[in-house]
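Chemist: Take this structure first; my questions come after.
The values are calculated or read from the model by the stated rules, or taken from the named source; none is laboratory data. If you're wondering where the values come from, they're calculated on a predicted model, not measured in any experiment. Every residue, glycine as well, gets a Cβ built from its backbone with ideal geometry; the counts of neighbours run over all protein chains shown. Surface areas here come from the heavy atoms of the whole protein model, side chains and all, with no ligands, DNA or RNA. Shrake-Rupley method; radii C 1.70, N 1.55, O 1.52, S 1.80 Å.
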Amino acid sequence: MDTKAVDQCIWCDRDEALEKVVREIASFPTGTLYLHRDQTHRGRCIFAYKEHLRKITELSREQYMALMGDIHTSVSAITKALSPDKVNILILGDSSEHMHIHLCPKYRDGKQWGVPFVVDEAKPLLLDDAALHILVDRMKEYI
Ligand SMILES: [Zn+2]
């Protein structure tokens, strides 16, 4: 493993750099569910794997199935809390190698319905701490 990359990873460091991007919702056996500060898509979340692994192929089949179980729980919580029409699930790993899964709720009358989710919005809808806290608490009710 390349330890230099791990030293610079926001998902491993979990410090103020991460606080600028997300707020923690819940911890799971395979990782942590976070609410993204950009709420262009209401309920947008990121699930970060518990270890600094880079690829699905670094997981055993059992580890992968456990991760997908926690993703199912997370998507179910988003769906129960906010009633999106669907949730896009993406594993990219281009700008941050640490395995993380984007969970992006989509709404029929909302942005990018019918087209793939864009990770980096040109004009993100950044919520303040109070608004983020309300959404985090709402999601927690369903986990
Ligand atoms: Zn990491």
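Chemist: With over 16 Å from residue 139 (Cα atoms) and at pLDDT 95 or above as the only criterion, which of 105, 116, 29 stands out?
Modeler: Within the list 105, 116, 29, the selection yields 29.
Chemist: Give me the pairs, please: first residue somewhere in the range 116-131 and in contact (Cβ under 8 Å) with a residue 60 or more places away in the chain, second residue anywhere and open to solvent by less than 70 Å² (accessible area, probe 1.4 Å) and of a type in the set (A, V, I, L, M, F, W, C), beta-carbon distance under 8 Å, and either six or more positions apart or on two chains.
Modeler: 117/90; 117/104; 127/135
Chemist: Another question, if that's okay. Specify the residue that is farthest from the ligand (Cβ to nearest atom); the eligible residues are those in the range 22-75 that are farther than 17 Å from residue 96 by Cα and small (Gly, Ala, Ser).
Modeler: So the residue we want is 43.
Chemist: Answer yes if at least one residue in the range 50-73 is of a type in the set (Phe, Trp, Tyr), more than 28 Å from residue 122 (Cα to Cα) and in contact with an Asp or Glu (Cβ under 8 Å, 6 or more places away or on another chain), and no otherwise.
Modeler: no
Chemist: Scan the range 77-102 residue by residue and report those that are of a type in the set (Asp, Glu) and either farther than 12 Å from residue 119 by Cβ or at pLDDT 95 or above (or both).
Modeler: 85, 97
Chemist: In addition: Give the residue, chosen from 135, 126, 103, that is surrounded by fewer than 17 Cβ atoms within 10 Å (Cβ to Cβ) and in contact with a strand residue (DSSP E or B) (Cβ under 9 Å, 6 or more places away or on another chain). Full working, then the answer.
Modeler: Numbers: 135 fails: surrounded by fewer than 17 Cβ atoms within 10 Å (Cβ to Cβ); 103 fails: surrounded by fewer than 17 Cβ atoms within 10 Å (Cβ to Cβ).
From the options 135, 126, 103, the qualifying one is 126.
Chemist: Considering every residue within the range 81-92, establish whether at least one is hydroxyl-bearing (Ser, Thr, Tyr), closer than 27 Å to residue 63 by Cβ and assigned to a loop (DSSP other than H, G, I, E, B).
Modeler: no
Chemist: Criterion first (touching a Gly at 6+ places or on another chain (Cβ under 7 Å), of a type outside the set (Gly, Ala, Ser) and in contact (Cβ under 8 Å) with a residue 12 or more places away in the chain) does residue 44 satisfy it?
Modeler: Here the answer is no, as residue 44 does not meet what is asked.
Chemist: Among the listed residues 37, 61, 44, identify the single one that is open to solvent by 20 Å² or more (accessible area, probe 1.4 Å), more than 16 Å from residue 11 (Cα to Cα) and modelled with pLDDT of 95 or more.
Modeler: Every option except 61 fails the conditions.
Chemist: I've got another one for you. Which of the following residues is modelled with pLDDT under 95, more than 23 Å from residue 124 (Cα to Cα), within 16 Å of the ligand (Cβ to nearest atom) and assigned to a helix (DSSP H, G or I): 17, 5?
Modeler: Residue meeting the stated conditions: 5.
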